[in-house]
Amino acid sequence: MDSTYKTNKYNMPLFEIVGFISTERTYNVGFAWLTNEKEDNFIWALQQLRSLVRNEGSLPKVILTDRDTALMNVVGQVFPTSAAIVCRVHVQKNVGSKIKELLKVREGEEVEKEIVWANLEKAFMHLLYSDTVDMYGDRLMEFRELCKKWPRLLRYIEETVLDTDKEKVVCAWVDKHMHMGNYTTNRVESAHGVLKKSLEDSFGDLVKGWEAIHHMLGLQFTEVQTKFGQSMSIEEHRYRDVRLYSLLPFKVSRA
């Protein structure tokens with residue numbers, strides 16, 4: 001889930017929701033033009049989405065967002081049984097910017113500053129990729145020791161990421177959920193690009209926008225059907241002489 005901009009003459013953000021199928025093809029779940037990106041508007045958009053789900057078993061198991069606080073706050077309200085995950089790239093960029101802002105070095109040590117920045121960012125990402133809770137605890141102690149010279153930086157990272165969102169971004173917790181390797185919002189950001197090609201410009205009204213989206217979804221549906229068909233019919237060359245596999249085409253997807 002993510003918002004994109006410059007899609008209409010009213011400057012209304014367009015909230016876009018995507019998913020993906022077994023063939024790794026991204027598809028659009030829903031769109032909502034919002035007057036602003038406050039919690040009430042996100043609650044309304046997500047409630048409309050939930051109203052379209054016919055049974056509880058079809059609710060999303062995992063919802064991935066960027067670090068938009070308003071959106072993060074309401075996902076759990078509307079989808080309390082869905083695991084909420086935060087985009088790791090957004091977290092990394094935010095911490096990387098803060099490292100450059102808060103890390104101070106002595107005059108004449110500018111050359112080493114870049115190395116220190118890189119080492120801190122690497123150590124932070126090493127922490128996020130901890131596979132177990134025990135490993136996270138050990139790496140957290142190492143990270144705190146590394147940041148001992150910069151208490152403001154450590155306090156910022158702990159208060160804005162580690163104390164509040166570690167269950168949404170650290171592998172030890174995130175990998176308990178079936179996210180299928182999706183740690184970032186790259187899918188929805190790529191979908192923004194496809195959408196804007198269909199819209200052509202940012203000066204149309206909402207009717208023109210809807211017509212462009214409707215046309216895009218028709219093409220997308222055809223592409224999804226084609227991918228499903230290919231996944232059912234394609235037989236890998238290495239299995240062509242194996243009788244068991246020769247019985248499976250058009251019965252089982254290889255995806």
**Fill in**
The condition from (1) in contact (Cβ under 8 Å) with a residue 24 or more places away in the chain; (2) open to solvent by less than 30 Å² (accessible area, probe 1.4 Å) that Asp175 misses is numbered (2)
**Message:** I'm trying to understand the selection: among the residues of the range 66-84, which are of a type in the set (Val, Ile, Thr) and over 17 Å from Trp173 (Cα atoms)?
**Reply:** Thr69, Val74, Val75, Val78
**Prompt:** From the list Leu103, Leu59, Leu49, Leu64, which residue is touching a Phe, Trp or Tyr at 6+ places or on another chain (Cβ under 7 Å) and outside the structural domain of Cys147 (by the TED database)?
**Reply:** Leu59
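One line per residue, one yes/no per condition, for (1) surrounded by 11 or more Cβ atoms within 10 Å (Cβ to Cβ); (2) of a type outside the set (Asp, Glu); (3) assigned to a helix (DSSP H, G or I); (4) touching a helix residue (DSSP H, G or I) at 6+ places or on another chain (Cβ under 8 Å):
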{"site": "Arg187", "(1), (2), (3), (4)": "yes, yes, yes, no"}
{"site": "Gly204", "(1), (2), (3), (4)": "yes, yes, no, yes"}
{"site": "Gly218", "(1), (2), (3), (4)": "no, yes, yes, no"}
{"site": "Phe221", "(1), (2), (3), (4)": "yes, yes, yes, no"}
{"site": "Phe228", "(1), (2), (3), (4)": "yes, yes, yes, no"}
**Request:** Test Met12 against the stated conditions and say whether it is part of a loop (DSSP other than H, G, I, E, B) and either modelled with pLDDT of 95 or more or under 19 Å from Tyr183 (Cβ atoms) (or both).
**Result:** yes
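Considering every residue within the range 37-51, establish whether at least one is assigned to a loop (DSSP other than H, G, I, E, B) and of a type in the set (S, T, N, Q). Talk me through it step by step, then tell me what you get.
Taking the range 37-51 and keeping what is assigned to a loop (DSSP other than H, G, I, E, B), we get 37-38.
Those left that are additionally of a type in the set (S, T, N, Q): none.
Among the residues of the range 37-51, not one is assigned to a loop (DSSP other than H, G, I, E, B) and of a type in the set (S, T, N, Q), which makes the answer no.
For the range 24-41, state whether one or more residues are out of contact with any strand residue (DSSP E or B) (no Cβ under 7 Å at 6 or more places or on another chain), open to solvent by 50 Å² or more (accessible area, probe 1.4 Å) and closer than 28 Å to Arg155 by Cα. Walk me through it before giving the result.
So in the range 24-41, the residues out of contact with any strand residue (DSSP E or B) (no Cβ under 7 Å at 6 or more places or on another chain) come out as 24-25, 35-36, 38-41.
Checking which are open to solvent by 50 Å² or more (accessible area, probe 1.4 Å) leaves us with 24-25, 35-36, 38-40.
Subsequent filtering for residues that are closer than 28 Å to Arg155 by Cα retains 38-39.
Scanning the range 24-41 turns up at least one residue that is out of contact with any strand residue (DSSP E or B) (no Cβ under 7 Å at 6 or more places or on another chain), open to solvent by 50 Å² or more (accessible area, probe 1.4 Å) and closer than 28 Å to Arg155 by Cα.
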**Prompt:** Going by the structure shown, is Val194 aliphatic (A, V, I, L, M), assigned by the TED database to the domain that holds Thr26, in a helix (DSSP H, G or I) and surrounded by fewer than 17 Cβ atoms within 10 Å (Cβ to Cβ)?
**Reply:** yes
**Request:** Could you please find all residues in the range 13-23 being open to solvent by less than 40 Å² (accessible area, probe 1.4 Å) and either outside the structural domain of Ser198 (by the TED database) or in contact with a helix residue (DSSP H, G or I) (Cβ under 8 Å, 6 or more places away or on another chain) (or both)?
**Result:** Leu14, Phe15, Glu16, Ile17, Val18, Ile21, Thr23
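One line per residue, one yes/no per condition, for (1) of a type in the set (A, V, I, L, M); (2) crowded, with 19+ Cβ neighbours inside 10 Å; (3) in contact (Cβ under 8 Å) with a residue 40 or more places away in the chain; (4) not in a helix (DSSP H, G or I):
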position	(1), (2), (3), (4)
Val74	yes, yes, no, no
Gln77	no, no, no, no
Ala118	yes, no, no, no
Met125	yes, no, no, no
Asp131	no, no, yes, yes
Met135	yes, no, no, no
Arg152	no, no, yes, no
Asp163	no, no, no, no
Lys168	no, yes, yes, no
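The values are calculated or read from the model by the stated rules, or taken from the named source; none is laboratory data. In this text, all values refer to a predicted model and were calculated from it rather than measured experimentally. Every residue, glycine among them, receives a Cβ derived from its backbone with ideal geometry; neighbour counts consider all protein chains shown. What goes into the accessible areas is simple: the full protein's heavy atoms, side chains included, and nothing from ligands, DNA or RNA. Shrake-Rupley method; radii C 1.70, N 1.55, O 1.52, S 1.80 Å.
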